[in-house]
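In what follows, a structure is listed as structure tokens, so that the remarks can point back to it.
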Amino acid sequence: MTANPDAPDVYDASFEQQIGVFIDQHRAMIAASLDGLSEAEARRRLVPSTTTLLGLVKHATFVERVWFEEARTGHSRAELGLQPGPDESFDLTDADTSASVLDVFARVCERSRRAVDGVGGDTIWSGNRRGPLSVRWILLHVLREHAQHCGHADILREQVLMERSRSR
């Protein structure tokens, strides 16, 4: 199946296949937000919060792990080596680079795909703090999260590129 939600082979695919294609499109857009940026640009803080383009990709990795590892397995965030909450997941360390964060994001997304491969939307995962949730709800939530952060990334990237063009 294509990775393009607007391709004819996606139109009549199952819900699980369709939502997977839509989520993958948003994963790709999040990763592409760093394309062609310097490390300083990727880390540039343009809003009062700690949100940066590199931090958004790191947060998207956290989102993937919360929903496709924590919710599926019931292991705590501490057991999984995750930040305790979403706000901390934006925080960057000195060791974080565009290449390292993108590499982790790509590997985690592949694990997420495998976690739902062949799993129906009515399957219940009970490891999330909210309690038992259907895989359908989880997939829709991940799509919502990634879509929201794609919008943030678009705005931040536009600001970075405008700043770059002004400084030339």
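None of the figures in this text is laboratory data; all of them are computed from the coordinates on show. Quick caveat, the model's predicted, so the values are computed rather than measured. FYI the Cβ positions are ideal-geometry reconstructions off the backbone, even for glycines, and counts take in every protein chain you see.
Structural remarks
- With contacts taken as Cα pairs under 8 Å and at least 6 residues apart, the chain reaches a relative contact order of 28 percent.
- The chain: angle of helix 135-166 to the longest principal axis, Cα-based, in degrees nearest 10: 10
- Whole-angstrom gap from the stretch 125-161 to the stretch 1-44, using each part's C-alpha centre: 13
- Cα gyration tensor, the stretch 48-149 - rounded (a/c under 1.5), prolate or oblate: prolate
- In a DSSP loop and with at most 13 other Cβ atoms within 10 Å, the trypsin sites (Lys or Arg not before Pro) in the stretch 12-81 are Arg45.
- Potential extension, Val47-Val104 segment - 0.36 nm per residue separation minus Cα distance: 18.0 nm
- Length released on extending from Asp12 to Arg129, taking residue separation times 0.36 nm less the Cα-Cα span: 38.7 nm
- The slack in the chain from Asn4 to Leu92, taken as 0.36 nm per residue of separation less the alpha-carbon distance, amounts to 28.5 nm.
- In the stretch 17-97, Cα pairs under 8 Å separated by at least six residues give a relative contact order of 26 percent.
- Listed residues His59, Trp137, Gln18: farthest to the positive end of the dipole of the chain (Cβ charges): His59
- Calculated FRET efficiency, Arg166 to Ala32, Cβ-Cβ distance, R0 = 25 Å: about 0.65 to the nearest 0.05.
- About the Cα centre, charge dipole magnitude for the chain (Lys/Arg +1, Asp/Glu -1 at Cβ), debye: 320
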